[in-house]
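Colleague: Take this structure, written in structure tokens, and hold onto it; I'll ask about it next.
Computed from the coordinates by the stated procedures, all read-outs in this text should not be read as laboratory data. Note that the structure is predicted; figures quoted are calculated from it, not measured. Virtual Cβ from ideal backbone geometry, glycine too; neighbours counted across all protein chains shown.
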Amino acid sequence: MTRYQQLAEQLKLQIETRVWRSGDKVPSVRMTSRNSSLSTSTVIQAYKLLEAQGWLVAKPQSGYFVTSIMGRVTEESSVKATKPHFSDKLYEFLQSSSHANVALGSAFPDPSLFPLQSINRHLASAGRKMSINSVVENMPPGNEALRRQIAQRYINHGLSVSHNDIVITSGAMEALNLSLQVVTHPGDTIVIEAPAFYGAIQAVERLGLKAIEVPVNLETGLCVNQFEKVVSQNDIKVCWIMPSFQNPTGTCLSYRKRQKIIELANQFDVVVVEDDVYSELYFGEQRPRPIKYWDKEDRVLLCGSFSKSLCPGYRVGWVVNQTFHERLQKAQLVSTLAGSLPVQEGIAHFLKYESFDKHLRKIRKELSNRQKILIQTINSYFPSNITVNRPSGGYFIWVELGAYIDTYRVYKKLQKNGISIAYGGLFSVKDQFQDCIRLNTSYPVTQELKETVRYIALMLS
Ligand SMILES: Cc1ncc(COP(=O)(O)O)c(C=O)c1O
């Protein structure tokens, strides 16, 4: 790559990541030339390239400005011949759904469900009490008070966990990534679900692993017979499983299936990375027990988070496991060093002085109602040959359209109108689930949302 192309790529990356936003003036040719030790003609060449690709526009006497998103030559239209990496595909989806007006495709719960003002007050109180030494004291495995609170909650749900076996992470995403990282080497084979949470697929790609998919049934969850076949016939190091309110299908495994999975894991020496971020959001009587509950050999790395139950965006999660505890901490030290200290202190303070359970009871009821109304709305507008499930927790539903419809195309059309849906192709390493969508049921079903559902239905028929 020549120097002007390199400069153009750097600036393009910053525009893509919204360091520079539409309408921003980029540094003048002279200033960029001085700061980057490039000649002015090289800088002009780079700016002209970005102009030709639709990223910048030159305004006479004023300089170069970032264009609006429309009209840019994106990866998708300029490099049609190459299949994009999964992470590029995911990045495009996450970016576009975060800007949508109707967030049916989003993985985030409706933020208005959460006591964010109260948490912020606790953050402030905890901050005032923070000692000068706490920065050092809270290196991995993370804030002790918070680890104790998490361990105490597990005891309430029948699982005996020590705070000494918990590592606090930056959300469950870091917990899951670190877990996978410490138990695999590039080239290893891992079992994932089909459809799977796209974060799992991305982690597989990033770590250079091979994935074997095991189907998830819309009623009964992961097909354990198929799981048995795969682990008995292949050299599987690890499986990534979401037994409770799986993303994207919302399915929940029976306790019998959970026990069978751990038996098979013991028999074939498979580590289980258990993604348990939605288990607090059950609509029934009891929080489902994690697979970890039956794990006598400490081969389950149980990953949790407050992102779905208490404070989305605060980025606090954790891993529970004794055997890999030290390796997890080392891996964290060399990547992110540690999670954010004031946020950990603030959440621990909230958990100590407020009733997390009261808040959970409230949001479970609300989520269950919202899910019911959205499903009713879907059933009244969508074509009659669709299949939509009714999960007993979480806030996702999975819709199979029953006729071949490329939901990626529908997603692209809806995107233009500020509506996001999660198209099925995001949830598999293979080309499957094109005729499925995942919808977020956490938002209130207003008249406007009903109209949107009707509009989506029109696009699908
Ligand atoms: C199944 C699943 N696991 C993990 C995560 C990541 O959670 P966090 O926001 O705590 O990193 C998500 C978020 O969407 C998820 O849906």
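Colleague: Applying 1/(1 + (r/R0)^6) with R0 = 30 Å to the Cβ-Cβ distance of PHE108 and SER380, what FRET efficiency is obtained, to the nearest 0.05?
Modeller: For R0 = 30 Å, the calculated efficiency reads 0.70.
Colleague: Quick one: VAL183, VAL388, fewest Cβ neighbours within 10 Å first, how do they rank?
Modeller: Ascending Cβ contact count within 10 Å gives the list VAL388, VAL183.
Colleague: Angle check, please: helix 171-183 long axis (alpha carbons) against the longest principal axis of the chain (alpha carbons), in degrees 0 to 90, nearest 10.
Modeller: 80
Colleague: Right, here's the next one. Report the gain in length on full extension from GLU219 to GLU144: 0.36 nm times residue separation, minus Cα-Cα distance, nm rounded to one decimal.
Modeller: Once the chain is fully extended between GLU219 and GLU144, it gains 23.0 nm.
Colleague: Given +1 on the Cβ of Lys and Arg, -1 on the Cβ of Asp and Glu, and no further charges, what dipole in debye does the chain carry about its Cα centre, rounded to the nearest 20?
Modeller: It comes to approximately 1140 debye.
Colleague: Additional query: When the chain is fully extended, how far beyond the present Cα-Cα distance does GLN10 get from GLU297, taking 0.36 nm per residue of separation?
Modeller: 98.5 nm
Colleague: Would you mind finding the longest exposed-site-free stretch of the chain, with exposed GluC sites (Glu not before Pro) meaning DSSP loop and at most 11 other Cβ atoms within 10 Å?
Modeller: Free of exposed loop sites, the longest segment is 1-218.
Colleague: Quote the Stokes-Einstein diffusion coefficient, in whole µm² s⁻¹, for region 235-300, based on the Kirkwood radius over alpha carbon pairs, a temperature of 37 °C and a viscosity of 0.692 mPa s.
Modeller: Here the translational diffusion coefficient equals 270 µm²/s.
Colleague: If the reach is capped at under 22 angstrom between alpha carbons, list the lysines near LYS59, excluding any in the same chain fewer than eight residues apart.
Modeller: LYS12, LYS25, LYS48
Colleague: What number do you get for region 163-292 when its Cα radius of gyration is normalised by 2.2 N^0.38 Å, N = residues?
Modeller: Normalised Cα radius of gyration, region 163-292: 1.00.
Colleague: Among all stretches of the chain without exposed trypsin sites (Lys or Arg not before Pro) (DSSP loop, at most 10 other Cβ atoms within 10 Å), which one is longest?
Modeller: 81-295
Colleague: Would you list CYS303, CYS436 from fewest to most Cβ contacts within 10 Å?
Modeller: Ordered by Cβ neighbours within 10 Å, fewest first: CYS436, CYS303.
Colleague: While we're on this one: What is the distance in Å between the Cα centres of region 315-339 and region 11-44?
Modeller: 38
Colleague: On C-alpha positions alone, give me the angle between the axis of helix 255-267 and the longest principal axis of the chain, in degrees, nearest 10.
Modeller: 80
Colleague: While we're on this one: Could you tell me the calculated FRET efficiency between LYS372 and GLU51, based on Cβ-Cβ distance and R0 = 45 angstrom, to the nearest 0.05?
Modeller: Calculated transfer efficiency: 0.30.
Colleague: Follow-up question, since we're still on this one. Holding the Cα-Cα limit at 18 Å, pick out from LYS210/LYS257; LYS308/LYS365; LYS89/LYS430; LYS308/LYS362; LYS229/LYS257; LYS237/LYS430 the pairs that are longer than that.
Modeller: LYS210/LYS257; LYS237/LYS430
Colleague: Given the DSSP H assignment, sum -39500 (n - 2.57) over each helix run of at least 4 residues in the chain and divide by its residue total; what's the result at 222 nm in deg cm²/dmol, nearest 500?
Modeller: So the calculated ellipticity at 222 nm is -13500 deg cm²/dmol.
Colleague: Can I ask one more? Once you charge only the Cβ atoms, +1 for Lys and Arg and -1 for Asp and Glu, what is the size of the charge dipole of region 88-155 about its Cα centre, to the nearest 20 debye?
Modeller: Using only the charged Cβ atoms, the result is roughly 400 debye.
Colleague: Tell me, what is a quarter of the convex hull surface for the C-alpha atoms of the chain, in nm² with one decimal?
Modeller: One quarter of the hull surface, i.e. the mean projection, equals 24.8 nm².
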